[in-house]
Amino acid sequence: MLSYLGFYLANSYSIAVVCFVTLGLFMAFSNTGFATLYQTTIHPDMMGRFSSMLNVIQSLLQVMFTLLIGFLAEWFSLQWTTVIFASIAVILAILLSLMPLKPNNLHHFKNLIEDGGTK
């Protein structure tokens, strides 16, 4: 998310390229982590249905946010509209990364800790 924010704030081509290369590298790690979480938490009989619903929700959100950013960019500058949305994404990413550290969420990791991480 910081790469998106850096890209939207970039004032030169080289900074934009560095941000996008960084984004590409970290997206590979992010997708791997998400796929692992998905495969370990969703029952195999439900994976197809779950992924279909997830894709529908993701597609709807993508269209809605594209329209929202487009409308806001008409009233404000496109750069500042995207900077605001990237800032919101950074805040949400920080909050999501802190969620597993909450004491009431530690039970999700109990089996992984007991099995040595080989569930």
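The values are calculated or read from the model by the stated rules, or taken from the named source; none is laboratory data. None of these values were measured; they are calculated from a predicted model. All Cβ positions, glycine included, derive from the backbone under ideal geometry; neighbour counts span all protein chains shown.
Values for this structure:
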{"quantity": "First in the range 71-88 and in contact (Cβ under 8 Å) with a residue 60 or more places away in the chain, second anywhere and acidic (Asp, Glu) and not in a helix (DSSP H, G or I), Cβ under 6 Å, 6 or more apart", "calculated": "none"}
{"quantity": "Residue within the range 92-102 that is surrounded by 12 or more Cβ atoms within 10 Å (Cβ to Cβ), touching a helix residue (DSSP H, G or I) at 6+ places or on another chain (Cβ under 8 Å) and in a helix (DSSP H, G or I) present", "calculated": "no"}
{"quantity": "The one condition in (1) surrounded by 10 or more Cβ atoms within 10 Å (Cβ to Cβ); (2) at pLDDT below 90; (3) out of contact with any helix residue (DSSP H, G or I) (no Cβ under 8 Å at 6 or more places or on another chain); (4) of a type outside the set (Val, Ile, Thr) that residue 7 fails to fulfil", "calculated": "(3)"}
{"quantity": "Flag for residue 17 being under 22 Å from residue 85 (Cβ atoms), in a helix (DSSP H, G or I) and within 17 Å of the chain's Cα centre (by Cα)", "calculated": "no"}
